[in-house]
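J.: Just dropping this structure here.
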Amino acid sequence: MVLTDLPKVIETEVSCYPDPWSHQTFADCLSAQTKGYRCYVLLLEEGVIGHAVLTLILDEAELLNFCLAPTQQGKGLAADYLDSVLMAMAKQGANKLFLEVRQSNTPARQLYTSAGMQEIGRRKDYYPLGGGREDAILMGLEWQSV
């Protein structure tokens, strides 16, 4: 991901999340790559169709944002993209990955489970939801170093 990708990243982000990240948040992540942030985009012929932001500290990665354009969902691309992101983290020394996902985000939870992640905890009332709050499901995965 580079700064010129951000308009398309923001477009996808806004179309997928009720509380999307801002342009500034993505720009801050890009400028913090020397501090452990990793920012990726998924490119197809039509351009940027997905993005991922992670942190990598020692051997632990945390998936902070993973998004695929709604027009590209349901084609198996998310699973392939997630696999490539996990492989990139492994090549950079990670052997653990953690994330949190909205309890109501069934497609994402199924994607993460199919990649071998397991629920390891829950943050009660973590995400805003309409007039209330929603739990975050914490998930994790460990693998052998590459």
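Rule-based calculations on the coordinates, nothing more; no lab input. Just so it is clear, the model here is predicted, and its values are computed rather than measured. Glycine also receives a Cβ, built like all others from the backbone with ideal geometry; neighbour counts cover every protein chain displayed.
J.: Sticking with the crude label model, points 7 Å out along Cα→Cβ, report the distance from residue 11 to residue 58 in nm, one decimal please.
T.: 4.2 nm
J.: Sticking with this one: Taking GluC sites (Glu not before Pro) as exposed when DSSP calls them loop (any state but H, G, I, E, B) and at most 13 other Cβ atoms lie within 10 Å, what is the longest stretch of the chain free of them, the sites themselves excluded?
T.: Result, exposed sites excluded: 47-146.
J.: Would you please name the trypsin sites (Lys or Arg not before Pro) within region 75-113 that are DSSP coil residues with at most 14 other C-beta atoms within 10 Å of their C-beta?
T.: Here the sparse-neighbourhood loop sites are 75.
J.: Under a 10 Å cutoff between Cα atoms, tell me which one of 55, 34, 113 has the largest fluctuation in the Gaussian network model of the chain.
T.: 34
J.: For every helix of n ≥ 4 consecutive DSSP H residues, a contribution of -39,500 (n - 2.57) applies; sum these over the chain, divide by its total residues, and give [θ] at 222 nm rounded to the nearest 500 deg cm²/dmol.
T.: Mean residue ellipticity at 222 nm (helix-derived): -9000 deg cm²/dmol.
J.: Going by how many other Cβ atoms sit within 10 Å of their own, how do 4, 71, 12 line up, fewest first?
T.: Neighbour counts put them in this order, fewest first: 4, 71, 12.
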